[in-house]
Amino acid sequence: MSFKTIFIIVVTILLTVIFMQNTSDVNVRILMWDVRVSFILLMASMAILCFLMGYFAAYRQRKITNTTLNAPNNEKNLSDEDKSYLQ
């Protein structure tokens, strides 16, 4: 098994244990509203939100990198010194 697989399994087990131990209700204040939710629901939604933010940030970075790599090669604008440096 790879390190990544083992890491995902360990994180999943730890999150499950933490979620199961924190099932009490908590008050959450969002701007002007007071909402009473289960702590497990609050933690799970925050974990999912953070995962999605990380995924989309990595997706955007991958998209920018691929776009940069696939850009046309503008060797016409390079000086002879720059061309020799790149080779």
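Some points to look at:
- Scanning segment 15-31 for residues that are under 13 Å from Met43 (Cα atoms) and of a type in the set (A, V, I, L, M, F, W, C) turns up Leu15, Val17, Ile18, Phe19, Met20, Val26, Val28.
- Applying a threshold of 9 Å to beta carbon distances and a minimum spacing of six or more residues, or different chains, the list of pairs starting in segment 27-46 at a residue that is at positive phi and assigned to a strand (DSSP E or B) and ending at one that is of a type outside the set (Lys, Arg) and at pLDDT below 90 is empty.
- Note on segment 17-26: among residues that are surrounded by 10 or more Cβ atoms within 10 Å (Cβ to Cβ) and assigned to a helix (DSSP H, G or I), the one that is modelled with the highest pLDDT is Val17.
- Residue within segment 50-57 that is surrounded by 10 or more Cβ atoms within 10 Å (Cβ to Cβ), touching a strand residue (DSSP E or B) at 6+ places or on another chain (Cβ under 8 Å), assigned to a helix (DSSP H, G or I) and at pLDDT 70 or above present: no
- Looking only at segment 27-42, residues that are exposed (fewer than 10 other Cβ atoms within 10 Å of the Cβ) and of a type in the set (Phe, Trp, Tyr) come to 1 in all.
The values are calculated or read from the model by the stated rules, or taken from the named source; none is laboratory data. As the structure is a computational prediction, the values presented were derived from the model and not from experiment. FYI the Cβ positions are ideal-geometry reconstructions off the backbone, even for glycines, and counts take in every protein chain you see.
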